Amino acid sequence: MDIVDAATRSRMMSGIKGKNTKPEVSIRKALHARGFRYRIHVNNLPGKPDLVLPKYSAVVFVHGCFWHGHSCRYFKIPQTRPDFWREKIRKNQLRDKKQESSLLAGGWRVLVVWECAVRSRNKEKFALVIDLIAEWLINGNENSQIDENECSMIESATILKESQPNI
């Protein structure tokens, strides 16, 4: 049972953006500041990637953890109509895989940056995410993902490396 009426829920859901989200815009600004040039939401590519960098044959998707069913602390199936949400998210995931396969077949490299990786207000962590994206653009494999776990592992390794004495 929902805690708000249908009209209110409809108004709330219609306010959720699919383009130009805060994580997406912050990544775009940071990459632009580092000299990367890109196109956004290109219609003739599968999935209309959030960022397209033709020079690097790369596309970047910035996925919301809830809408794309990421297994992180920010994803939880709602208690209201759980079967509906499971099916909706499952279809989103299937569509994501199909679009990624089409892009790879077309010669594009695909990076998925999860919302949880950029959601932190920590400037150092955000800079690390941008470093990872830039490194992937220049030297990366066909496809990759960046989430909060990857950032935490790299951050820990960096701290450990810095604390080791030089021998």
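What follows draws every value from the coordinates through simple rules; no lab data is involved. The shown structure was predicted, so the numbers you read here are calculated from the model rather than taken from an experiment. Here Cβ is always computed from backbone atoms with ideal geometry, including for glycine, and neighbour counts include all displayed protein chains.
A simple spin-label model places pseudo-atoms 7 Å from Cα toward Cβ; at Ile40 and Phe84 they are separated by 3.1 nm.
Computed packing ranks the peptides 53-66, 88-101 as 53-66, 88-101, most packed first, by mean other Cβ atoms within 10 Å.
How do 74-81, 109-116 rank on mean C-beta neighbours within 10 Å, highest first?
On the way: 74-81: 12.4, 109-116: 22.9.
In decreasing order of mean packing, 74-81, 109-116 become 109-116, 74-81.
From the cross-link list Lys98/Lys123; Lys48/Lys76; Lys55/Lys76, which pairs have alpha carbons spaced over 31 Å apart?
Numbers: Lys98/Lys123 34 Å; Lys48/Lys76 26 Å; Lys55/Lys76 37 Å.
Pairs exceeding 31 Å: Lys98/Lys123; Lys55/Lys76.
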